[in-house]
Amino acid sequence: MDKCHCAQIAFETIVETAKSEGIDYREIMERVNAGNTCTACKSYLIEYCESKLELQTT
Ligand code: FES
């Protein structure tokens, strides 16, 4: 899985937006409502963003 199908947004887009705006990817998730509808993508999305942004995956 590489996008949130409910919100129609690629994980990559969330990471790029977070980077370019210098804010937490979770704020972008909230803004675009990613991971909040069926929630199937949520764990993949978090894992993807944390590895791309080199955060700890706890
Ligand atoms: S696929 Fe992301 S909330 Fe449904």
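When the solvent-accessible area of region 3-52 is split by element, carbon and sulfur atoms take up 47 percent of it, the probe being 1.4 Å. For residue 19, a cut-off of 16 angstrom between C-alpha atoms picks up these lysines, skipping any fewer than 8 places away in its own chain: 52. In a DSSP loop and with at most 12 other Cβ atoms within 10 Å, there are no trypsin sites (Lys or Arg not before Pro) in the chain. Once the convex hull of all Cα atoms in the chain is built, its volume per residue stands at 69 Å³. Close amide H partners of residue 9, meaning residues 5 or more places away or on another chain with modelled amide H under 5 Å apart, are 4. Helices in the chain, meaning DSSP H runs of at least 4 residues, each add -39500 (n - 2.57). Divided by all residues, the mean residue ellipticity at 222 nm is -15000 deg cm²/dmol. Placing +1 on the Cβ of every Lys and Arg and -1 on the Cβ of every Asp and Glu, with nothing else charged, gives the chain a dipole about its Cα centre of roughly 160 debye.
Rolling a 1.4 angstrom probe over the protein heavy atoms with all chains in place gives region 3-52 an accessible area of 59 Å² per residue. To the nearest 10, the accessible area of residue 21 is 90 Å² with a 1.4 Å probe.
The values are calculated or read from the model by the stated rules, or taken from the named source; none is laboratory data. Owing to the predicted nature of the structure, the values given are computational and were not obtained by experimental measurement. Note: ideal-geometry Cβ built from the backbone for every residue, glycine included; neighbour counts use all protein chains shown. Just so you know, the surface numbers come from the protein's heavy atoms only, side chains and all, with ligands and any DNA or RNA stripped out. Shrake-Rupley method; radii C 1.70, N 1.55, O 1.52, S 1.80 Å.
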